[in-house]
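To start, the structure itself, in structure tokens.
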Amino acid sequence: MGRGDSGEERTMKKRGFYKNFLSIYILLVLQNVLTLSVNLTDNIMLGAYSEISLSGVTAVNQIQFIFQQMLSAFAEGAVILGSQYFGKKDTGSIKKIGNVAMRFGIGIALILFGIVTFLPVSVMHIFTTETAIVKEGCVYLSIIRFTYLFFAVTTILLATLRTVQVVKIALMLSIVTLVVNYGINYTLIFGRFGAPRLGVTGAAIGTLVARILECGIVIFYSIRKEKILDLKFRDYFKKMDREILADYGKVTRPMFLVQSLWGINTALQTAILGHMTARAIAANSVASNLFLLVKSAAVGACSTASVIIGKAVGEGDEVQVIRYSKQLQKLFLAIGICSGVTLYFLRIPILGIYNLSEETRAMANSFLIILSAVCVGMSYQMPTNNGIIRGGGSPQIVAKIDIISIWGIVLPISFLAAFVFKASPQIVVCCLNADQWFKCIPAFLIVNYGKWIRKLTR
């Protein structure tokens, strides 16, 4: 937008901005909801099957969450750097970025596979010492570990496509994955249609088959159907470009640190609650899964903002970048209010699906009320920090904010509340999520008054 634009021109451009935002945002939110629904399907069905099975799978899913956060850093690093190259219309460099990101993604998948293969019980003991829960978790882990490689390839390929604003395939993929996972789960968890009643084993098989299928589909689409990048298998076997590797490393290192710490932080939350009471881990499982589903609105806003801001920075129009950032912040607040209200009213019907004791159900309900308020702050600060500021080329700023808030404030206070002051699980949940509100302050000050716009391209 130029400074001399008339009022009518500004209105038209603003409408175009919102249209572009929504065209990407809606698809990304739906895709994220459907992706999370794979785990939610396991969660709900196992909740109806056995509370012990549910708790075991919940513990394993914390490992999966850490893995997802690490992958997210590699994927978002590719999106941030690649979006700026897309603004310059340089698709060749985007392919080189995808090559680098894929190698890192596969590498972390293989490392995690090795850890859970040789140390499954030790890993489970991080989250709980309940023998029955550990046993169920190990059964689930023995199969689910084979999904890591397929999930890594899928995640990096979808991020590469998102760089050039190709997002419809992700939604279609998620629909297929959800349907397949649900069908296999229903059949094998409960032993329908003459199949054996396998419980957690059936849930793991369903997820594995779904992940293999989605990986195959996205590879086929990327190689045969997508035309903007014109990806080929050979693009991922070429020698890594040293300059691209260096630039990608500068962007991704602080993100990888923060995302890994965030994943560990979330896992530690489960560990803290899991070591308090047996009911707390089941209640947290139910509440956190529904919360993550509603959180998709903020995650979608974060990814969309990163693409839009990154492309605008690559085009070199700083005035437009600033205007986009102000418009986005208004959208984030609206998304936060809607998300909080949605979670508050969804909690009762969703809790009715689970086969929980009255005490566990009451605890889960109180967790969800707390998380409804958390949604509002989270939906502003997370896309502002991780979408606008990080997408604008300043991931280091976000890394400092997260490290200080999570590891300097939230976790120490939460440990003290849980194990020194013996506070209730509800108080601990408040402490664990306090950063979603106080990180709003630095996010607002930096994006509106700080220097965060940096070109990352050569």
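Where a number appears in this text, it was derived from the coordinates with a stated rule and is not lab data. Bear in mind the structure is a predicted one, so any value in this text is a computation, not a measurement. Backbone-built Cβ (ideal geometry, glycine too); neighbour counts: all protein chains shown.
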Using Cβ contacts closer than 10 Å as the measure, can you line up Arg145, Arg103, Arg224 from fewest to most?
Arg224, Arg103, Arg145
Out of Pro120, Ile350, Leu34 - ranked by how far each Cα lies towards the positive end of the dipole of the chain, with unit charges on the beta-carbon of charged residues - the top one is Leu34
Dipole in debye (nearest 20) - region 39-116, about Cα centre, beta carbon charges: Lys, Arg +1; Asp, Glu -1
560
Tilt relative to the chain, helix 278-315 - C-alpha long axis, 0 to 90 degrees, to 10
10
Of Ile108, Val57, Gly206, whose Cα points farthest to the positive end of the dipole of the chain (charges on the beta-carbon: +1 Lys, Arg; -1 Asp, Glu; origin at the Cα centre)?
Ile108
Tell me, what ³J(HN,Hα) does each residue in region 50-58 have, in order and in whole Hz, if you take phi through Karplus 6.51 cos²θ - 1.76 cosθ + 1.60 with θ = phi - 60° and put x for Gly and Pro?
6, 5, 5, 4, 4, 5, x, 5, 4
Could you work out how far the C-alpha centroid of region 346-363 sits from that of region 83-133, in angstrom?
33
For the residues Phe86, Phe146, what sequence is obtained by ranking on other C-beta atoms within 10 Å, fewest first?
Phe146, Phe86
Tail beyond 39 Å, pair distance distribution of the chain (Cα, percent)
19
Which residue, Val374, Gly87, Cys338, has the largest displacement toward the positive end of the dipole of region 7-449 when charges sit on each Cβ (Lys, Arg +1; Asp, Glu -1)?
Gly87
Just how far, in whole angstrom, is region 437-458 from region 203-227 if you go by their alpha carbon centroids?
36
Ordered by residue, what ³J(HN,Hα) values in Hz, to whole numbers, does region 320-333 give under the Karplus form 6.51 cos²θ - 1.76 cosθ + 1.60, where θ = phi - 60° and Gly and Pro are x?
5, 4, 4, 5, 4, 4, 5, 5, 5, 4, 5, 5, 4, 4
Excluding same-chain residues fewer than 8 positions from Lys88, which aspartates and glutamates have a Cα within less than 15 Å of its Cα?
Glu315, Asp317, Glu318
By how many degrees, 0 to 90 and rounded to 10, does the Cα axis of helix 131-144 deviate from the longest principal axis of the chain?
40
Rounding to the nearest 10 and keeping the result within 0 to 90°, find how far the Cα-based axis of helix 91-118 lies from the longest principal axis of the chain.
20
Exposure proxy ranking, count of Cβ atoms within 10 Å, fewest first, for Ser325, Ser357, Ser142, Ser285:
Ser357, Ser142, Ser325, Ser285
Can you run phi through the Karplus equation (6.51, -1.76, 1.60; θ = phi - 60°) for region 155-168 and list ³J(HN,Hα) in whole Hz, with x for Gly and Pro?
4, 5, 5, 5, 5, 4, 5, 5, 4, 9, 6, 9, 10, 4
Kirkwood hydrodynamic radius, region 345-458, all distinct C-alpha pairs: what's the number in Å?
16.1
Relative contact order (%) - the chain, alpha-carbon pairs under 8 angstrom, separation at least six
23
Among all the lysines, which ones have a C-alpha under 18 Å from Lys439's C-alpha, if same-chain residues fewer than 8 places away are not counted?
Lys295, Lys326, Lys330, Lys400, Lys451
If you place +1 on the Cβ of every Lys and Arg and -1 on the Cβ of every Asp and Glu, how big does the dipole about the Cα centre of the chain come out, in debye to the nearest 20?
1320
